[in-house]
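Below: the structure, in structure tokens.
Taken together, the values in this text are just the output of simple stated rules run on the coordinates, not laboratory data. If you're wondering where the values come from, they're calculated on a predicted model, not measured in any experiment. Here the Cβ positions follow ideal geometry from the backbone for every residue, glycine too, while neighbour counts run over all protein chains shown.
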Amino acid sequence: MEMCAVSFDDVGEALQQINQLAVVDGQRSLGELLALAILDLHGSASLHPRRNGYADIRPVPCSLEVARGLIVPHMPADLRLLEDEQLALVQLVRELAANELVPQAAGYEERSEDPRALYEQLAALGLTGIPFSEGHGGAGQSYLTYLLLVEELAAAYLGLAIGLSVHTLCAFAIDSFGSEDQKRDVLEKLTSGEWFGAYSLSEPDAGSDAGSLQTKARRSGDGYELTGSKVFCTRGREADVVLVIARTSDERRGVSAFLVETDAPGFEGDKKEDKMGWRSSPTWQLTLNGVRVDEARRLGAEGEGFKIGLASLDSGRLGIAACAVGLGQASLDAAVGFTTEREQFGRAVSDNQGVSFMLADMATQIEAGRALYRHAARLRDAGAAYSVQAAEAKLFCTDMAMKVTTDSVQLHGGYGYITEYPAERYMREAKGLQIVEGTNQIQRHVIGRALTATKSS
Ligand SMILES: Cc1cc2nc3c(=O)[nH]c(=O)nc-3n(C[C@H](O)[C@H](O)[C@H](O)COP(=O)(O)OP(=O)(O)OC[C@H]3O[C@@H](n4cnc5c(N)ncnc54)[C@H](O)[C@@H]3O)c2cc1C
């Protein structure tokens, strides 16, 4: 049976319908309304997994065009257990990926250009506020649903998915620890995409050892003055607001969290780093030169900066894990496409068991990573503790992505080493995932500490 794809026109029309529906039906979430409106446009059979045979569609090996990154890779993530609303959103992001992201990703990367226009497209589709309450402009979806969409985005364009993940990390801190005024004044601008958020903890001498950070927030009148150097801030200058962690007392844990607008006097972008990968995801060295921040923009109480920063990182690590699974999947798709079309010794390269076994191992590892991040997300959605599971997911998924992308380059032979094919870019991109939001050694510390603490209690 024919499957009906969702186009951008459909989405625009659906959003118009939603605007009308929302007036009469305040009970439903944006995602639910979007799903219903799209279903309505196509008739109810079009998106339903069982009624239209959607779940039975097997992954087709991608062509060389796919391997070169010209068309969206087919994503064989199993959709059968998704709810209708999740499925509609995944479908929406796949269409966006196919039509807008895959064709443009390599260009933005080559030009090292921040894809602001694409972020604005994400915002127009309601994707900048997926896991936040509707009362604050979000889509009222679960964290799991948000991560499913991050995985899809990462498979098409990792740099963009990273930016969304950092944006959501900043918004998460406000959603969890902010006052009602902060939610109204800042969170709602983030969920709507009017503003984009960033997160700044790292400093020149404070990376894994974040407790040694030196940026000072000195009391001044009814607010603070922030002074110091920050490094590695993703989208720092390009963002509108940055969650800055700064020292408010000399005690090691005496740090606080501040919402700093990037157009504030004294907020300076010193240098945009030249990087191995993620070149269109700008990484900034920043100087805070007596930046004035009102007390109303301090998040939580004085001294709660670590609690806020680390809780945000738990959520962020799941975003990185989902990115790694998407990247691994794109890399596998490219390898399947290449090895089934490339012939040597009179047959497809994939007909060699040594090659197909590598593909099988890649697929199995990706699926294991997917299960791991989804499990941690379900714990988070249920309100259970999930820090250790987030660390396990970040560790496993990003190490997996490194291995899978390296094997994909190997399976492409010499073509894997040239930039015309995306395999080498995927491999460069995977490396960054093992480093950010706590290196994988630090994830092992988190997991190891939890194991030994359990034993000694
Ligand atoms: C592309 C990119 C984007 C980033 N984006 C952001 C951002 O938006 N916001 C932000 O705040 N930061 C960001 N970071 C910073 C990132 O989180 C840090 O680079 C990371 O936490 C490691 O810190 P470091 O680079 O100072 O390395 P260091 O802490 O100096 O570590 C060097 C090496 O020593 C190892 N090591 C250190 N301590 C231990 C230990 N106790 N046991 C075992 N091994 C250890 C590390 O694992 C690493 O291999 C980004 C980094 C990159 C590369």
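Data overview
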read-out: For the range 309-456, alpha-carbon Rg relative to the globular expectation (2.2 N^0.38 Å, N residues); value: 1.18
read-out: Cβ-based net charge around Arg116, under 10 Å, with every Lys or Arg adding one and every Asp or Glu removing one; value: -3
read-out: Where labels lie 7 Å past Cα in the beta-carbon direction, separation of Asp222 and Glu420 in nm; value: 6.5
read-out: Neighbour net charge for Val446 - beta-carbon separation under 11 angstrom, K R +1, D E -1; value: +2
read-out: Contour excess over end-to-end distance, with Cα ends at Asp84 and Thr439 and 0.36 nm allotted per residue; value: 124.2 nm
read-out: Neighbour net charge for Ala206 - beta-carbon separation under 12 angstrom, K R +1, D E -1; value: 0
read-out: Distance cut-off 20 Å, percentage of C-alpha pairs in the range 322-377 lying past it; value: 33
read-out: P(r), alpha carbons of the range 127-195 - 10 Å bins starting at zero, rounded %; value: 23, 55, 20, 2
read-out: Inter-label distance for Asp351 and Lys271, nm, one decimal - labels placed 7 Å from Cα along Cα-to-Cβ; value: 5.4
read-out: Three principal axis lengths of the range 198-306 [C-alpha, angstrom, descending]; value: 40, 29, 20
read-out: In nm, spacing of pseudo-spin labels at Ala385 and Ser229 (7 Å Cα→C-beta vector); value: 3.8
